[in-house]
Each structure stands twice: as structure tokens, then as C-alpha cells.
1. Against the definition (touching a helix residue (DSSP H, G or I) at 6+ places or on another chain (Cβ under 6 Å), surrounded by 18 or more Cβ atoms within 10 Å (Cβ to Cβ) and hydroxyl-bearing (Ser, Thr, Tyr)), how does Thr138 come out, yes or no?
2. Assess whether Val200 counts as being at pLDDT below 95, more than 26 Å from Arg7 (Cα to Cα), surrounded by fewer than 19 Cβ atoms within 10 Å (Cβ to Cβ) and over 14 Å from the mean Cα position of the chain (by Cα).
3. How about region 66-173: which strands (runs of 3 or more DSSP E) wholly inside it have at least 1 residues that are free of Cβ contacts under 8 Å to residues at least 60 places away in the same chain, in contact with a His (Cβ under 9 Å, 6 or more places away or on another chain) and not β-branched (Val, Ile, Thr)?
4. Just give me the residues in region 74-113 being of a type in the set (Ser, Thr, Tyr) and in contact with a Lys or Arg (Cβ under 6 Å, 6 or more places away or on another chain), in sequence order.
5. With the structure loaded, tell me whether Arg198 is touching a residue at least 12 places away in the same chain (Cβ under 8 Å), part of a loop (DSSP other than H, G, I, E, B) and closer than 24 Å to Asn41 by Cβ or whether it fails that test.
6. When the residues of region 174-195 are narrowed to those that are among the aliphatic types (A, V, I, L, M) and part of a helix (DSSP H, G or I), which ends up nearest to Lys109 (Cα to Cα)?
7. Condition check: more than 17 Å from Val159 (Cα to Cα), touching a helix residue (DSSP H, G or I) at 6+ places or on another chain (Cβ under 7 Å) and of a type in the set (S, T, N, Q). Does Ser33 satisfy that?
8. Does region 43-54 include one or more residues that are surrounded by fewer than 16 Cβ atoms within 10 Å (Cβ to Cβ), farther than 22 Å from Thr143 by Cα and of a type in the set (A, V, I, L, M)?
Amino acid sequence: MAATDLRIGGLAPMSSCDWPGELVATVFCQGCSWDCPYCHNQSLRPAIDNSGNRIPWEDVLDFLEQRRGLLDGVVFSGGEPTLQAALPEAMQIVRDMGLKIGLHTAGMKPERFRPLLPLVTWVGFDIKAPFSKYDAITRIPNTAEKVKTSLGYLLESGVEYQIRTTVYPAILDDAALAEMKTDLAAFGISEYTLQTYREV
């Protein structure tokens, strides 16, 4: 699928927090099939945005051309970027411009995530909860196995990453966080970032 088919719901022209240590533009991809109660990007959840706020891919490229030499890279965020078949071509175009590629993902589509790994420099991987509580967080059944598969692909790839969790207190109490720590330790992960939940 052509990069021009990428559905974009927003563009942050400059960020130093979406990819630690890098100055990036962030492309917010439209669509997410999960229903996490604390989502800060509810407007990005529908696969199709009928609000008229969609940003054409050509506008993103024009912006990046204007910022050549000022940005280190581009982060594809969401929503869930891996839901879109146009993402690989969009990433390749940005790479060809000499920019690094970052990806924010929750790992919900391992079959699409794995082919992207050779294109990316860094992945921000969201772990929502202990695997036993994924259905409660996402409100979608049988999500944990897909996340575990994606996490395995990430660790095998050697790509730099950050594991992070938004601590939603209604579900993630101390016992749940301890369980999550055990889950991640089984993958050899001991360092991860806990992010404070903020009311939306």
C-alpha cells in the first residue's frame, strides 16, 4: 500500500519526550482496536476520522523537507501505527530522507510489527498491565498472547527500545505491578518506565 494511504490524525512538529534523547517530529496514526479506559488519544481510536482533521502524507513530507538538519528523526505513534498497511512505505521514505525512525506500539499486531523492525532505530513498547489483566485493560479478549509474541520479536531484533507502562490505578495496584515485573523478568527485562496516569 502506498504511503499516501497512511491515515494521519495529527502531527507534533517537535518533541524531545516522544523518543528520549532525540529531537523528533511525531506522526499520530489514526486507528486503534483496543479500548483502554485511560487513553489520552481518544480521537485517534476510530480507524477513519470523519472530523476533517486528517493530515495528508504529502503535507508531512513537505514539513520534514523544511526541517532537514533540525530533526533527528520521526516517531510514528498513534493510535496503533502497525494497524496500517501503508506504514512500511512511509517509514522507508522517511529513512531515505536521512532521518531515524521511532515507533510507538502496544504490540497488538505481531505479524505486522516484525517486518517493521529492520526499518526502525528505536521502539517505545507499551506494556499495559500484567498479562493476566490485559483483557480488563484493553476490553478486547485474548490480547496478551499477541503482545508477548511482539515483545519476543523486539528482543530478538536487537533494536533499541524502551518498555513503558501508564499506571492506571483502578487496575494497576501494587500487586499488579509486582506481577507485571515478574512477567517482564521472564523476558529478561528488568528496566522499564512507569508513567503517571492523568485524568482525561
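1. When the stated conditions are applied, Thr138 does not pass them.
2. Spelling it out, it is not the case that Val200 is at pLDDT below 95, more than 26 Å from Arg7 (Cα to Cα), surrounded by fewer than 19 Cβ atoms within 10 Å (Cβ to Cβ) and over 14 Å from the mean Cα position of the chain (by Cα).
3. Because the criterion is at least 1 residues that are free of Cβ contacts under 8 Å to residues at least 60 places away in the same chain, in contact with a His (Cβ under 9 Å, 6 or more places away or on another chain) and not β-branched (Val, Ile, Thr), the strands (runs of 3 or more DSSP E) in region 66-173 that meet it are 73-77, 122-126.
4. Correct list: Thr82 only.
5. Yes; evaluated as a whole, the condition is true for this residue.
6. Here the residue is Leu184.
7. Judged against the criteria, Ser33 is a match.
8. Among the residues of region 43-54, at least one is surrounded by fewer than 16 Cβ atoms within 10 Å (Cβ to Cβ), farther than 22 Å from Thr143 by Cα and of a type in the set (A, V, I, L, M), which makes the answer yes.
The values are calculated or read from the model by the stated rules, or taken from the named source; none is laboratory data. Note that the structure is predicted; figures quoted are calculated from it, not measured. Don't worry about glycine lacking a Cβ; one is built from the backbone with ideal geometry, like all the others, and counts go over all protein chains shown.
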